[in-house]
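Okay, structure first, notes after.
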Amino acid sequence: MPEIRRLFLNHMPMGHFTKFNIIYDKAYWLEEGLSGELTSNGGKTFVPGISAGPLGIVFDATTDNGVPALVGFIAAKNGVEWNEVDREVRKRAVLEDLAKAFGPWALNPVLYTEKNWSEEPYAGGCPVAYNVPGVAFSFKSFREPHGRVFWAGTESATKWAGYISGGIQAGERAAAEVIHNLFPG
Ligand SMILES: Cc1cc2nc3c(=O)[nH]c(=O)nc-3n(C[C@H](O)[C@H](O)[C@H](O)COP(=O)(O)OP(=O)(O)OC[C@H]3O[C@@H](n4cnc5c(N)ncnc54)[C@H](O)[C@@H]3O)c2cc1C
């Protein structure tokens, strides 16, 4: 890879989120007029040695075919600390904090799953990669093709870099570059 591209990627680490998906038998939050969404710094926790509760962000993740679910993330330092404790302790903390936010029904899911994405060798983290300060400015030409190689990854997007929308935008841009390269004008 060209040096500028290599340096750019080396300065774009993945975030650290542990992700949980929780299925309920119905969307209790909607019945109570709630969106199922929250943003939190974690607040207090009952577990010794942990700085804050596990909840970072939570969304309604009800599937297209109607399986009621919440999805959420234990973020950054909180995620690192919570990955040190037993799964059952972490699960209890997540469910109890959801119950505090939404209601006691949150304690009784049909299914609780979780994943520490930093353990994935090829993803290395979750949910997105981000530029450390100064990178986009210092390595401005990181998007330029290298011979016959065109860059289509989300990291090369001009909007929503790191996200799926950025991946789509970058893919369309790279495809246009290839077409232009094959058929100039
Ligand atoms: C747990 C998690 C949660 C996320 N949540 C969200 C979210 O809620 N919203 C959001 O917008 N984004 C989210 N993202 C980020 C989103 O998934 C990425 O931004 C998006 O997938 C990037 O698309 P991409 O095409 O750039 O790369 P990728 O989707 O990584 O695609 C790259 C492809 O290239 C293939 N590949 C790699 N090397 C080779 C090779 N040598 N030869 C052939 N093929 C190769 C890979 O197998 C892969 O299929 C999340 C990511 C993770 C991991």
*Given P127, P184, which one is open to solvent by 60 Å² or more (accessible area, probe 1.4 Å), in a loop (DSSP other than H, G, I, E, B) and within 14 Å of the ligand (Cβ to nearest atom)?*
P127
*Would you be able to say whether some residue in region 149-159 is surrounded by 15 or more Cβ atoms within 10 Å (Cβ to Cβ), assigned by TED's automatic domain parsing to the domain that holds A61, in a loop (DSSP other than H, G, I, E, B) and more than 8 Å from the ligand (Cβ to nearest atom)?*
no
_Top-ranked residue in region 12-31 [being under 17 Å from F73 (Cβ atoms) and part of a loop (DSSP other than H, G, I, E, B); ranked as least open to solvent (accessible area, probe 1.4 Å)]_ = G15
*Pick from L34, L9: which is part of a helix (DSSP H, G or I) and more than 15 Å from the chain's Cα centre (by Cα)?*
L9
*Given the structure, is R92 free of Cβ contacts under 8 Å to residues at least 12 places away in the same chain, basic (K, R) and not assigned by TED's automatic domain parsing to the domain that holds A174?*
yes
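The values are calculated or read from the model by the stated rules, or taken from the named source; none is laboratory data. Owing to the predicted nature of the structure, the values given are computational and were not obtained by experimental measurement. Reconstructed Cβ throughout: ideal geometry from the backbone, glycine too, with neighbour counts over all protein chains shown. Please note that ligands, DNA and RNA were not included when accessible areas were found on the heavy atoms of the full protein model with its side chains. Shrake-Rupley method; radii C 1.70, N 1.55, O 1.52, S 1.80 Å.
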